[in-house]
């Protein structure tokens with residue numbers, strides 16, 4: 001089943017930016033986002049299993065966070081902005097209801 | 001000719017099953033205005049909210065309730081002294097009212113974000129922005145949903 005596969009994050013961040021430039025970051029992760037509102041064929045509630053938090057940090061400092069609830073679509077997409085100041089590294093983290101975390105890193109060169 | 005009649009009959013049959021299913025679906029306890037109010041009170045009980053500053057970016061009609069784009073954009077200089085702290089989005093016709101909660105920092109440069117949500121039926125989307133000085137701003141918009149996204 002698709003939901004047994006390990007979620008794969010995909011992030012689109014420009015590699016270079018000018019100081020003060022506003023960049024848009026687009027993220028996507030494969031995940032079933034089971035809402036906990038559905039029932040299986042036998043009438044039993046399918047337990048909730050979603051990614052409940054997305055965090056973006058730059059050089060160790062959290063810059064943007066999103067708490068996701070059961071209404072978020074499968075394979076959740078999230079976009080947001082960041083104002084480039086200095087070169088460094090983004091760390092994007094997704095937290096699953098089951099305790100797993102998924103992480104991906106992207107370098108940004110400012111100059 | 002008979003084929004047309006058949007497909008019409010099938011269409012009617014499917015239609016009435018869908019109607020029946022929606023009546024007979026007790027597990028779909030839908031959120032109502034009161035739930036959104038309760039969720040809001042949990043965050044900002046007794047505080048005044050003004051319309052404006054925040055804009056919702058939503059389709060007027062969503063053909064597929066499983067994937068409805070939802071964007072917000074808040075007017076703010078996003079400086080250390082004056083920025084958008086948080087934005088919460090609620091849906092009053094879903095089984096649970098909360099959709100998403102964002103926390104912004106001045107590093108964002110712009111208080112704008114997009115995601116995709118499920119909508120069970122035609123309903124109102126409410127967004128509340130909390131500014132760094134504690135002021136609250138809201139926006140509300142209806143989305144008409146052609147096919148509900150409740151997986152039922």
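Throughout, read-outs are computed from the coordinates displayed, never taken from laboratory work. Treat the numbers as computed from the prediction; the structure is a model and nothing was measured. Because the Cβ atoms are built from the backbone with ideal geometry, glycine has one as well, and the counts that use them run over all protein chains shown.
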| remark: Counted neighbours (other Cβ, 10 Å), sorted fewest up, put B:63, B:130 in the order B:63, B:130
| remark: Most exposed to least, judged by fewest other Cβ atoms within 10 Å, B:49, B:131 sort to B:49, B:131
| request: Two decimals is fine: what is log10 I(q)/I(0) at q = 0.18 Å⁻¹ for region B:29-147, from a Debye sum with one equal scatterer on every Cα and no solvent? | output: -0.89
| So how much slack lies between residue A:53 and residue A:96, counting 0.36 nm per residue of separation and subtracting their Cα-Cα distance, in nm? | 14.7 nm
| remark: For peptide A:33-45, the mean count of other chain Cβ atoms within 10 Å per residue Cβ is 3
| request: Using a 10 Å cut-off on Cβ to Cβ distances, tally the other chain neighbours for every residue of A:16-22 and report the average as a whole number. | output: 1
| message | Only bridges whose two residues both fall in the protein assembly as shown count here: according to DSSP, what percent of them are antiparallel, nearest 5? | response | 90
| query | Taking every DSSP beta bridge that has both residues in region B:29-147, what percent is antiparallel when rounded to the nearest 5? | reply | 85
| message | Sort A:5-11, B:107-113 by packing, meaning the average of other beta carbons within 10 Å per residue, with the highest value first. | response | B:107-113, A:5-11
| query | How much length is gained if the chain between residue B:135 and residue B:67 is pulled fully straight, taking 0.36 nm per residue apart and subtracting their Cα-Cα distance, in nm to one decimal? | reply | 21.3 nm
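With viscosity set to 1.306 mPa s and temperature to 10 °C, compute the Stokes-Einstein D of chain A, Rh being the Kirkwood radius across alpha carbon pairs; µm²/s, no decimals.
105
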| request: Take every DSSP beta bridge with both residues inside chain A and express the antiparallel ones as a percent of the total, to the nearest 5. | output: 95
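Using a Förster distance of 51 angstrom, determine the FRET efficiency expected from the C-beta separation of residue A:6 and residue B:42, and round it to 0.05.
Details: r = 34 Å, r/R0 = 0.67.
Once the sixth-power term is evaluated, E becomes 0.90.
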| Percent RCO, i.e. relative contact order, over region B:29-147, from Cα pairs under 8 Å lying at least 6 residues apart | 34
| query | Other chains near B:91-97: what is the mean number of their Cβ atoms within 10 Å of each residue's Cβ? | reply | 3
